[in-house]
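Below: one structure, written as structure tokens.
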Amino acid sequence: MEDKTKALYSMIKRLQDGEDLQAVRQDFVDRFQSVSVHDIIDAEKQLIAKGTAVQEVQRLCDLHSALFHGKTEAEVYREEERVRTPYLIQILKDENLELLKRIKALNNALELDKSEEIEKKWLDLKQLKKHYGKKEELIMPYLYAAGIEGPSQVMWGVDDEILKELSKILRTKAFDPHTIQALLDRMKEMVFKEEKILFPLAIDHMKPEDWLETYADIQEFGYAWLEDVPVWEQGEEWKKEHAYTPESIKISLPNGELSLLQLVEIFQYLPIDLTFIDENDQLRFFTNEGKVFSRPHSALNRKVFDCHPPQLIPVVQDMLETFKAKKNDRVERWIPNPERPVKVVYQALYDHQGCYIGTLEMVQSFEHEKNILRSFQTDPKEL
């Protein structure tokens, strides 16, 4: 950095002494064409800190323009930030910008008391679930593994509260300005916490291969408000290298034999999503054709508790303990969504000696069946 500072200072002196701008500019390009704008800015800050007048340092802008091909220093700085920022973090930052635009638009609609516009814009905020899903499932587990739990657990809990209140307002159509404003403020506060706390923590503690792994799972969650999202070439190469290709392995089963390829294809057409948690509470396998819940591949081989919001972790822990102690071997519950009823069953598994070997989670949406029954009600002849 000291060499860069000296070089910049010498160029300022040359300009002060009346040397031709073009000559100094060419030397600047030759010296700094492979140097990051971040480093140039840091060197300029050091010049100012050492007493060089700000006005003199600002004369370097004439030199920057040659290096940045007509772009401003701020524009190049932002471009470099995008390159330096992990792909997933940049996606989340872009989604935050879109969210802030929508919050501003909603605030304007509230001030003008435009009821129809408020409802339409509020419905658009449902995409926030995609943003929170990526944050919770693709970043927080890595922080848990690094021993950083507090910020993630607090944020996940607040995320759930925001999404529940958002859905409640949509369901009841109770667009009370004070309630909406309070929730919008919480959304803005969460943006601040992500940008200032969560994202820096992730950048500091996640490894390069972690970011590649998360890239392979982004499509599982989708993008909130973003269109024409650029691909990450390095991530695409990693996906190709780690693509699953079933080999010609035969699997002997009690009632026959299947190749691994045949078994994989059968799983894809089962009307139920399966998840297996082993005896050590690690998630070992899942199918997710129904996509009732998001299932990133990066969740495999993690503790199952890392895949749940904080308020559910004690519930899952207690259930698995009762399975291991054989106090219970099955838990069934329904998610009471009138438009998409979902049945979730947890079944304890034991070997022939009665030893606990894991838990199978079975998730099934009954949306299709609900629609069929509804058609029977409107046209009994269908029966």
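The values are calculated or read from the model by the stated rules, or taken from the named source; none is laboratory data. Keep in mind the model is a prediction, meaning the values are calculated, not measured. Glycine also receives a Cβ, built like all others from the backbone with ideal geometry; neighbour counts cover every protein chain displayed. Please note that ligands, DNA and RNA were not included when accessible areas were found on the heavy atoms of the full protein model with its side chains. Shrake-Rupley method; radii C 1.70, N 1.55, O 1.52, S 1.80 Å.
Inspection of segment 137-145 finds no residue satisfying the criterion of being surrounded by fewer than 16 Cβ atoms within 10 Å (Cβ to Cβ) and without any contact (Cβ under 8 Å) to a residue 60 or more places away in the chain. Remark: pairs (first residue in segment 13-37, closer than 22 Å to V54 by Cα and basic (K, R); second residue at pLDDT below 70 and open to solvent by 60 Å² or more (accessible area, probe 1.4 Å); Cβ separation under 9 Å; 6+ apart in sequence or on different chains) = R25/D62. Out of all the residues in segment 5-15, is one or more at pLDDT below 70, in a helix (DSSP H, G or I) and surrounded by fewer than 16 Cβ atoms within 10 Å (Cβ to Cβ)? No, every residue in segment 5-15 fails to be at pLDDT below 70, in a helix (DSSP H, G or I) and surrounded by fewer than 16 Cβ atoms within 10 Å (Cβ to Cβ). Examine segment 173-189 for a residue that is among the acidic types (D, E) and either in a helix (DSSP H, G or I) or modelled with pLDDT of 90 or more (or both), and state whether such a residue exists. Yes.
When the residues of segment 355-373 are filtered to those that are open to solvent by 50 Å² or more (accessible area, probe 1.4 Å) and among the β-branched types (V, I, T), the one that is nearest to the chain's Cα centre (by Cα) is I357.
Being open to solvent by less than 50 Å² (accessible area, probe 1.4 Å), in contact (Cβ under 8 Å) with a residue 40 or more places away in the chain, more than 23 Å from W238 (Cβ to Cβ) and out of contact with any Gly (no Cβ under 8 Å at 6 or more places or on another chain) is true of F175.
Residues that are more than 11 Å from W156 (Cβ to Cβ) and either within 15 Å of the chain's Cα centre (by Cα) or not in a helix (DSSP H, G or I) (or both) within segment 120-140 comprise Q127, L128, K129, K130, H131, K134, L138, listed in sequence order. Kindly indicate whether any position in segment 194-201 is open to solvent by 50 Å² or more (accessible area, probe 1.4 Å), assigned to a loop (DSSP other than H, G, I, E, B) and of a type outside the set (A, V, I, L, M). The answer is no, given that none of the residues of segment 194-201 is open to solvent by 50 Å² or more (accessible area, probe 1.4 Å), assigned to a loop (DSSP other than H, G, I, E, B) and of a type outside the set (A, V, I, L, M).
Exactly one residue out of L106, L100 is open to solvent by 60 Å² or more (accessible area, probe 1.4 Å), in contact (Cβ under 8 Å) with a residue 12 or more places away in the chain, out of contact with any strand residue (DSSP E or B) (no Cβ under 6 Å at 6 or more places or on another chain) and in a helix (DSSP H, G or I): that is L100. Count of segment 217-245 residues, restricted to those that are open to solvent by less than 50 Å² (accessible area, probe 1.4 Å) and either in a loop (DSSP other than H, G, I, E, B) or in contact with a strand residue (DSSP E or B) (Cβ under 9 Å, 6 or more places away or on another chain) (or both), is 7.
Can you confirm whether F286 is under 30 Å from T322 (Cβ atoms) and in contact (Cβ under 8 Å) with a residue 60 or more places away in the chain? The answer is no for F286. Comparison of E367, E361 shows that the only residue that is of a type outside the set (F, W, Y), under 21 Å from Y269 (Cβ atoms) and modelled with pLDDT of 90 or more is E361.
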